[in-house]
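Trainee: Sharing a structure here in structure tokens format.
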Amino acid sequence: MSSISANRSALSASLKSESAGGILLIFSAIMAMIVANSSFSESYAHLVHAVIGPTLTDKLGPMTVHLWINDGLMAIFFLLVGLEIKREFVDGRLASPDRRRLPFIAAAAGMAVPAILYMLFAGGSDGLARGWAIPAATDIAFAMGVLALLGKRAPTSLKLFLVTVAIVDDMGAVAIIAIFYTAAINIVALAAAAGLLGIMVACNRGGVKHLAIYMLLFALLWYAMLLSGVHATIAGVLAATTIPLERTPGAPDSKTSPLHRLEHALHPWVAFAIVPVFGFANAGVDVRGLGVDQILAPLPLGIAAGLFFGKQIGIFGSVWLSVRFGIAGKLRGATWLQIYAVAMLCGIGFTMSLFIGGLAFPDRPALIDEAKIGVLMGSLAAALTGYVVLRLAPLHPDHAAIEAETDDEIVADGDVRDMSEAQE
């Protein structure tokens, strides 16, 4: 595993890789759409659905490239998500109840309002209610890629707020997948998964720090979850909770902390390989010949409305109300217009939304394609509008000084003391 530089925390590494990886994800999504709407569209479909490997479960049948990506590689993505969640709760910005308040309120509103809008547009149509969670998630990488294009005009507090809200958002998405998109349960396989998880917990409590042992058990846990009927990617989040973490409050990350070492090692692979590959394999949809009626059908319209309008209404509204009633302080070094713009960027639901869309309509490929159209429309509108507003928004009067102070905090502590201004 890679060593941790004393001057480069898991947080700073995460911000850098998410930003650069997000730009690559944007490119991979564009390429998928170009290929899917070109003379290579049939080759693209054959490649994505090509059988490669054995039949691991009767439910899934022969493993295809698409299944390996969505059920295999994405488990590693969820492992990294789980590591980030644990780091934030144990030794980061979510380590105390008062610092959790604003991100939890914003994330909850940012999931609820899009789901409500989706149901208003599409819930009454036959079978479409299962897609209510599609517009509920925020894509960290894509949104950070847009922020990266803005350079230093985007305050660090906004980046940290977006990442923190998206992490809490991911927690909700994981729970939704486990509860609402689980097929018939195989009790024996689920018991085996519980036993493996118990062994990993025992390793943690017994002081085992060799990551190779945890990774071997993670692979076995993934297969047991695959057989159980619970989506296999949940294994990633569960495994992450057992990886040992050495707390370093008020100091940079420990070089020997297994969780920090694994997080550093996984970030480049997830940001520059797994997520772009997922985007390329899932974003391609043939829109040639689509009419306005199909684009504005209840499913794509509900998803797009949920992502674009629901996210900004839910997140910005909850932040404004929280500050207005003294529940939380305003984001440090950010203007209200900038906060509104980042609420728009939270409407980029690309990776997780595409993932949930596939789970919501597993046996209805036409609806999956409609869901992709809705995700692409909503995410593109959120990305472009958020970018333009942030580009034109005036900076905070003390922008330069606050940014320098925040950078110093990250170097000294591995994180920031607080994202918000002191409450009045």
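Trainee: So what are segment 350-395's ellipsoid semi-axes, whole angstrom, largest first, if each one is the square root of 5 times an eigenvalue of the alpha-carbon gyration tensor?
Mentor: 31, 9, 4
Trainee: Using a cut-off of under 18 Å, list every residue of segment 383-405 whose amide N is near the label point 7 Å from the Cα of residue 152 along the Cα-to-beta-carbon line.
Mentor: 391-405
Trainee: Which order do peptides 390-398, 115-123 fall in by mean Cβ count within 10 Å, highest first?
Mentor: 115-123, 390-398
Trainee: Can you compute the FRET efficiency between residue 90 and residue 273 using 1/(1 + (r/R0)^6), with r the Cβ-Cβ distance and R0 = 45 Å? Round to the nearest 0.05.
Mentor: 0.95
Trainee: Sort the following peptides by mean Cβ neighbour count (other Cβ atoms within 10 Å, averaged over residues), highest first: 147-156, 183-192.
Mentor: 147-156, 183-192
Trainee: Mind checking which aspartates and glutamates have their Cα closer than 17 Å to the Cα of residue 209? Skip sequence neighbours fewer than 8 apart in that chain.
Mentor: Reachable aspartates and glutamates: 246, 253, 263.
Trainee: Considering only protein heavy atoms, what is the solvent-accessible area of residue 406 at a probe of 1.4 Å, reported in Å² to the nearest 10?
Mentor: The value for residue 406 is about 10 Å².
Trainee: Can you tell me, using C-alpha contacts under 8 Å and at least 6 residues apart, the relative contact order of the chain as a whole percent?
Mentor: In percent, rounded to a whole number, it is 29.
Trainee: Rank by packing, highest mean first: peptides 193-199, 365-371, 218-224, 47-53, with packing defined as the count of other Cβ atoms within 10 Å averaged across residues.
Mentor: 218-224, 365-371, 193-199, 47-53
Trainee: Which percent of the accessible heavy-atom area of the chain goes to carbon and sulfur, probe 1.4 angstrom?
Mentor: Reported share for carbon and sulfur atoms: 68 percent.
Trainee: Where is the GNM fluctuation largest for the chain (alpha-carbon springs, 10 angstrom cutoff): 170, 363, 408?
Mentor: The residue that fluctuates most here is 363.
Trainee: Name the aspartates and glutamates eligible as straight-distance cross-link partners of residue 330: C-alpha to C-alpha under 18 Å, and not fewer than 8 places from it in the same chain.
Mentor: Within reach: 98, 398, 403, 405, 418, 421, 424.
Trainee: Here's a follow-up. Could you please put 290, 67, 337 in sequence from largest to smallest accessible area, using a 1.4 Å probe?
Mentor: Values: 290 55, 67 30, 337 80 Å².
Per-residue accessible area, sorted high to low, gives 337, 290, 67.
Trainee: Now for a separate question. May I ask you to give the average projected area over all directions of the convex hull of the Cα atoms of segment 265-424, in nm² rounded to one decimal?
Mentor: 12.5 nm²
Trainee: Kirkwood hydrodynamic radius of the chain from all distinct Cα pairs, in Å? Walk me through the numbers before you get to the answer.
Mentor: Details: mean 1/r = 0.0457 Å⁻¹.
It is 21.9 Å.
Trainee: Moving to a separate point now. Calculate the spin-label point distance for residue 321 paired with residue 185, positioning each point 7 Å from the Cα along the beta-carbon direction, and give it in nanometres.
Mentor: Result for the modelled spin labels: 3.4 nm.
Trainee: Which entries in 86/372; 152/311; 159/255; 159/311 show an alpha-carbon gap greater than 20 Å?
Mentor: 86/372; 152/311; 159/255
Trainee: Using a Gaussian network for the chain with springs between C-alpha atoms less than 10 Å apart, which of these wobbles most: 60, 158, 211?
Mentor: 60
Trainee: How are the C-alpha pair distances of segment 103-240 spread across 10 Å bins, as whole percents from the shortest bin up?
Mentor: Histogram of Cα-Cα distances, whole percents per bin: 11, 28, 29, 25, 7, 0.
Trainee: Let me ask something else. Which of 236, 289, 347 moves the most in a Gaussian network model of the chain with Cα springs under 10 Å?
Mentor: It is 289.
Trainee: Over the chain, with the other protein chains present, what is the accessible area per residue in square angstrom, probe 1.4 angstrom?
Mentor: 40 Å²
The values are calculated or read from the model by the stated rules, or taken from the named source; none is laboratory data. What you are looking at is a predicted structure, and each value in this text was computed from that prediction instead of being measured. Note that we place each Cβ from the backbone using ideal geometry, even for glycine, and neighbour counts take in every protein chain shown. Just so you know, the surface numbers come from the protein's heavy atoms only, side chains and all, with ligands and any DNA or RNA stripped out. Shrake-Rupley method; radii C 1.70, N 1.55, O 1.52, S 1.80 Å.
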